[in-house]
Amino acid sequence: MLILTNAGTDSLEVVTDAAVTVDVSAHWVDRNTSTFEQVLGRTNTAISTAATTPVIAAPAATTVRIVKTLHVCNIHATSSVGVTVQYDQNGTNFRLHNVTLLAGEQLEYVEGIGFFVVAITRKAFFLRRVTSDSVHATAASFADVTGLTCPVFAGKHYNFLAHLYHVENASTTGAQFAINGPAVTAMMLQEWGVFAGSITASTAQASLAVAGITARDTAAIVATSSAATPQIALAMLTGWFNPSADGTFAVRATSEVSVAAGLTVKAGSWLQLWEADN
């Protein structure tokens, strides 16, 4: 139970440590100590700066204010905020609860229960795999790798990792991989991949796309050749993706030359994508 007893001096305050939008709603009962009459009260406060903000004022004379509920909600789309609820006793502050609220989370106080946090829904985490071979034959025309797509949402930040087991129809046919999705605020893509040279069970030649790719449907490695004897090779894509609109994230592939079944991404290839907001 939280009780404010001293007229004009006892109050509750919310301290925020960042300029993040926070809504506070409070409800209480005022009990007159002479007549025992009870009056309901409430207040709603919008906070948008790093500040100490009174959210429940001191009671009037001969009145005890009994706090029933206090709701502190971080309504910002992406940013977290540190929140402290404190009891201000005539200028001397006493901390009641301190917590960092992620975007969308709420700190609740309920009489008889106390303080607790209502967490946001679990962050997105996707695992996708290719269930049957995905064939790509049109030169310089990226298409989704069948099965390696998942939904993404505006303003979120995502990390991803994909293992693409693939084979080309000839040593003169290169494999090219990229990502696609809705418009982005920013992104980064890099690739480890076998792209040239004689490949046997015991030897391989690999390349890293050192310069990060920051555009959709752009090959991470612009390969123009593959194994001297075509066989399954591995390309590994990694990076991050910050969409500015809702849509579908996709791993993409194309054959470097236009030939039937020029590039085949094999069943068992996989994608892991997860939300990485703090």
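The values are calculated or read from the model by the stated rules, or taken from the named source; none is laboratory data. As the structure is a computational prediction, the values presented were derived from the model and not from experiment. Cβ placement follows ideal geometry from the backbone for every residue including glycine, while neighbour counts extend to all protein chains displayed.
Give the residue that is surrounded by the most Cβ atoms within 10 Å (Cβ to Cβ), with candidates limited to residues of segment 136-165 that are among the β-branched types (V, I, T) and closer than 17 Å to A219 by Cβ. Outline the logic, then answer.
At the first step, the residues of segment 136-165 found to be among the β-branched types (V, I, T) are 138, 145-146, 149, 152.
If we keep only those that are closer than 17 Å to A219 by Cβ as well, we get 138, 145.
Values: T138: 14, V145: 22.
The qualifying residue surrounded by the most Cβ atoms within 10 Å (Cβ to Cβ) is V145.
Of all residues in segment 194-220 being part of a loop (DSSP other than H, G, I, E, B) and modelled with pLDDT of 85 or more, which is surrounded by the most Cβ atoms within 10 Å (Cβ to Cβ)?
Pass one, segment 194-220, residues part of a loop (DSSP other than H, G, I, E, B): 195-205, 209-212, 214-220.
Narrowing further to those that are modelled with pLDDT of 85 or more: 214-220.
On the way: T214: 12, A215: 10, R216: 19, D217: 15, T218: 15, A219: 21, A220: 25.
Checked segment 194-220; the qualifying residue surrounded by the most Cβ atoms within 10 Å (Cβ to Cβ) is A220.
Among the strands (runs of 3 or more DSSP E) confined wholly to segment 1-44, which include 2 or more residues that are of a type in the set (S, T, Y)? Quick ask: steps written out before the conclusion?
Numbers: elements: 2-4, 10-16, 22-32.
Because the criterion is at least 2 residues that are of a type in the set (S, T, Y), the strands (runs of 3 or more DSSP E) in segment 1-44 that meet it are 10-16.
Given V64, V85, which one is out of contact with any Lys or Arg (no Cβ under 6 Å at 6 or more places or on another chain) and either in the same structural domain as E13 (by TED's automatic domain parsing) or surrounded by 13 or more Cβ atoms within 10 Å (Cβ to Cβ) (or both)?
Values: V64 fails: out of contact with any Lys or Arg (no Cβ under 6 Å at 6 or more places or on another chain).
V85 is the lone residue from the list that is out of contact with any Lys or Arg (no Cβ under 6 Å at 6 or more places or on another chain) and either in the same structural domain as E13 (by TED's automatic domain parsing) or surrounded by 13 or more Cβ atoms within 10 Å (Cβ to Cβ) (or both).
Within segment 127-183, how many residues turn out to be part of a loop (DSSP other than H, G, I, E, B), closer than 30 Å to S80 by Cα and either over 22 Å from the mean Cα position of the chain (by Cα) or not charged (D, E, K, R) (or both)? Even if it seems obvious, please write down each step before you answer.
Quick first cut of segment 127-183, residues part of a loop (DSSP other than H, G, I, E, B) only: 130-133, 137-142, 153-157, 169-174, 181-183.
From what is left, the residues that are closer than 30 Å to S80 by Cα are 153-157, 181-183.
Filter once more, so that each one left must be either over 22 Å from the mean Cα position of the chain (by Cα) or not charged (D, E, K, R) (or both): 153-155, 157, 181-183.
Total meeting the criteria: 7.
Among residues belonging to segment 108-145 that are in contact (Cβ under 8 Å) with a residue 60 or more places away in the chain and of a type in the set (S, T, Y), point out the one that is farthest from H97 (Cα to Cα). Can you show your working first?
Taking segment 108-145 as the starting set, the residues that turn out to be in contact (Cβ under 8 Å) with a residue 60 or more places away in the chain are 109, 111-112, 123-145.
Pick out the ones that are also of a type in the set (S, T, Y) and you get 109, 131-132, 134, 138, 141.
Working: Y109: 10, T131: 50, S132: 53, S134: 54, T138: 61, S141: 56 Å.
Ranking the candidates gives T138 first.
Kindly indicate the residue of segment 166-193 that is closer than 17 Å to K266 by Cα and in contact with a Gly (Cβ under 6 Å, 6 or more places away or on another chain) and also surrounded by the most Cβ atoms within 10 Å (Cβ to Cβ) among those meeting that condition.
My answer is T173.
Regarding A235, is this residue surrounded by 17 or more Cβ atoms within 10 Å (Cβ to Cβ) and either more than 15 Å from A220 (Cβ to Cβ) or modelled with pLDDT of 90 or more (or both)? Reasoning before the result, please.
Working: surrounded by 17 or more Cβ atoms within 10 Å (Cβ to Cβ): yes; either more than 15 Å from A220 (Cβ to Cβ) or modelled with pLDDT of 90 or more (or both): yes.
In short, yes.
May I ask you to list the residues in segment 1-24 that are touching a Cys at 6+ places or on another chain (Cβ under 8 Å) and either loosely packed, with under 15 Cβ neighbours inside 10 Å or of a type in the set (D, E, K, R) (or both)?
Start the filter on segment 1-24 by keeping residues that are touching a Cys at 6+ places or on another chain (Cβ under 8 Å), which leaves 22-24.
Within segment 1-24, D23 is the sole residue that qualifies.
Would you check which residues across segment 88-111 are charged (D, E, K, R) and either in contact with a helix residue (DSSP H, G or I) (Cβ under 8 Å, 6 or more places away or on another chain) or loosely packed, with under 14 Cβ neighbours inside 10 Å (or both) and list them?
Looking only at segment 88-111, we keep the residues that are charged (D, E, K, R), and these are 88, 95, 105, 108, 111.
Matches in segment 88-111: R95 only.
Take the residues in segment 25-61 that are of a type in the set (V, I, T), at pLDDT 90 or above and surrounded by fewer than 17 Cβ atoms within 10 Å (Cβ to Cβ); name whichever of them is farthest from the chain's Cα centre (by Cα).
Our first condition is that a residue be of a type in the set (V, I, T); within segment 25-61, this holds for 29, 33, 35, 39, 43, 45, 47, 49, 52-53, 55-56.
Pick out the ones that are also at pLDDT 90 or above and you get 29, 39, 43, 45, 47, 49, 52-53, 55-56.
The next check asks that each one be surrounded by fewer than 17 Cβ atoms within 10 Å (Cβ to Cβ); those that pass are 29, 39, 43, 45, 49, 52-53.
Values: V29: 40, V39: 44, T43: 32, T45: 27, T49: 23, T52: 29, T53: 29 Å.
Step by step, filter segment 25-61, then rank; the result is V39.
Can you tell me how many residues within segment 52-94 are part of a strand (DSSP E or B) and over 13 Å from T16 (Cα atoms)? Steps first, please.
From segment 52-94, those part of a strand (DSSP E or B) are 52-56, 63-74, 81-89, 92-94; that's our starting set.
Filter once more, so that each one left must be over 13 Å from T16 (Cα atoms): 56, 63-71, 87-89, 92-94.
Residues that pass the stated criteria total 16.
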